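Following: one structure in structure tokens, then a few remarks.
Nothing in this text is a laboratory measurement; each read-out follows from the coordinates by a stated rule. Note that the structure is predicted; figures quoted are calculated from it, not measured. Neighbour counts are summed over all protein chains in view; Cβ atoms, including those assigned to glycine, are modelled from backbone coordinates with ideal geometry.
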Amino acid sequence: MKLQVTGMNKFYYETLQRIETAISELEIETDCPIQRIEAVVHHILECLSELKEYVLKRGFKNTDEEIRFFKYQKPVIVAKLIYYNAIYKIETKKPYGAKPIRKYLKKELKKLKRFFDNNLDFYKYYRSNNSFLDEKYFVRGNHDIKLWLDTYYFQSDQSFSTSHDYKVAKIIANDLIQVYIEDQLYNKFQKNKSKAQKKLKWTGSKVALIELIYALHYQNVFDNGNNDIREVAQYFESAFGIDLGNFYQTYLELRNRKMNPTKFLDALREELIKKMDEQGEK
């Protein structure tokens, strides 16, 4: 059955369109995200005030129209208000530094999870598109204390609220907030991580690297020596993007070298001591 876009439906869709248009325009016009959010919140509040005035003046034709409004229409707009208000709080309270930010964002995700856990039964009802309790949930003045009402409901204007329309708005908003936080938490940090983890290229000789690998391996510096030389060699090949070939054969040649079998390691030691001495003289 196609929904007729007249009366209440027409006014609702026009209001929603105005909000979405304003958000799109502000995305282009305002560079500062905090100022943009403030402007969006102000605009949504104005539109909600107009919607409330329209509802109180006109009323509803029947119970079905009232349920549709408080279950499917008003929550969409209120969800935008909850979402932008939440983003405003997240951005203005965000600490400095990568680790504190990560910890802070994970804490915000836990808050969303807590809301989900505390409202699991209603989540199931709403997500399953059930309707057998709609007259209790989405008709004004029909609240039932046995249905675990939020304190918010008793503080709200009950001429423009039902016991569960705000909860629906929270569900919609929390989905959006979760996407926002996860994008901040994972995509942003993954990009930074990718930049930070630029692969280094080994520009010394393969023989020198093999000499270093064997020295580190025999010193048991990797996993307390609980691995074989092949694992260590493969790790270095992957890390430095180099093919060491038959590294065991190269090691045998190093071991059998009559003059200075640890040429590279000796050079490392000498260069390090030289730099230490030079820095100590400054």
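With θ taken as phi - 60° and the Karplus curve 6.51 cos²θ - 1.76 cosθ + 1.60 applied, the whole-hertz 3J(HN,Hα) list for region 237-249 is 4, 5, 5, 9, x, 9, 9, 7, x, 7, 5, 5, 5 Hz, x standing for glycine and proline. Only one residue of Phe222, Ser49, Ile90 has its Cα farthest out toward the positive end of the dipole of the chain, where Lys and Arg carry +1 and Asp and Glu -1 on Cβ, and that residue is Phe222. Helical content of the chain, expressed as a calculated mean residue ellipticity at 222 nm, amounts to -22000 deg cm²/dmol (DSSP H runs of 4 or more residues, -39,500 (n - 2.57) each, divided by residue number, nearest 500). Comparing Val232, Pro261, Ser205 along the charge dipole axis of the chain, the residue lying farthest to the positive side is Pro261, per the Cβ-charge model. Going by neighbour counts of Cβ atoms within 10 Å, the residues Ile213, Ile28 line up, fewest first, as Ile28, Ile213.
Residues Lys99, Lys89, arranged from fewest to most other Cβ atoms within 10 angstrom of their Cβ, appear as Lys99, Lys89. A simple charge model with +1 on the Cβ of Lys and Arg, -1 on the Cβ of Asp and Glu and nothing else charged puts the dipole of the chain at about 400 debye relative to its Cα centre.
Counting 0.36 nm for each residue step from Met276 to Tyr235 and taking away their Cα separation leaves a gain of 11.8 nm.
Comparing Lys74, Lys167, Lys61 in a Gaussian network model of the chain where C-alpha atoms under 10 Å apart are linked, the largest mean-square fluctuation is found at Lys61. Taking packing as the residue-averaged number of other Cβ atoms within 10 angstrom, the listed peptides 77-88, 42-53, 231-242, 250-261 run from highest to lowest as 77-88, 42-53, 231-242, 250-261.
Based on the Cβ-Cβ distance from Leu216 to Arg102, what FRET efficiency comes out when R0 is 35 Å, to the nearest 0.05?
Numbers: r = 32 Å, r/R0 = 0.91.
Taking R0 as 35 Å, the efficiency between Leu216 and Arg102 is 0.65.
Hydrodynamic radius of region 1-120 by the Kirkwood approach over all distinct alpha-carbon pairs: 16.7 Å. Short to long, the 10 Å bins of the Cα pair-distance histogram for the chain hold 5, 19, 20, 14, 9, 9, 10, 9, 4, 1, 0 percent of all pairs. Overall, region 206-281 carries a charge dipole of about 320 debye about its Cα centre when +1 sits on the Cβ of Lys and Arg and -1 on the Cβ of Asp and Glu, all other atoms neutral.
For region 73-87, 3J(HN,Hα) computed residue by residue from phi via the Karplus equation (6.51, -1.76, 1.60; θ = phi - 60°) reads 9, 3, x, 5, 6, 5, 4, 5, 5, 4, 4, 5, 5, 5, 5 Hz, glycine and proline entered as x.
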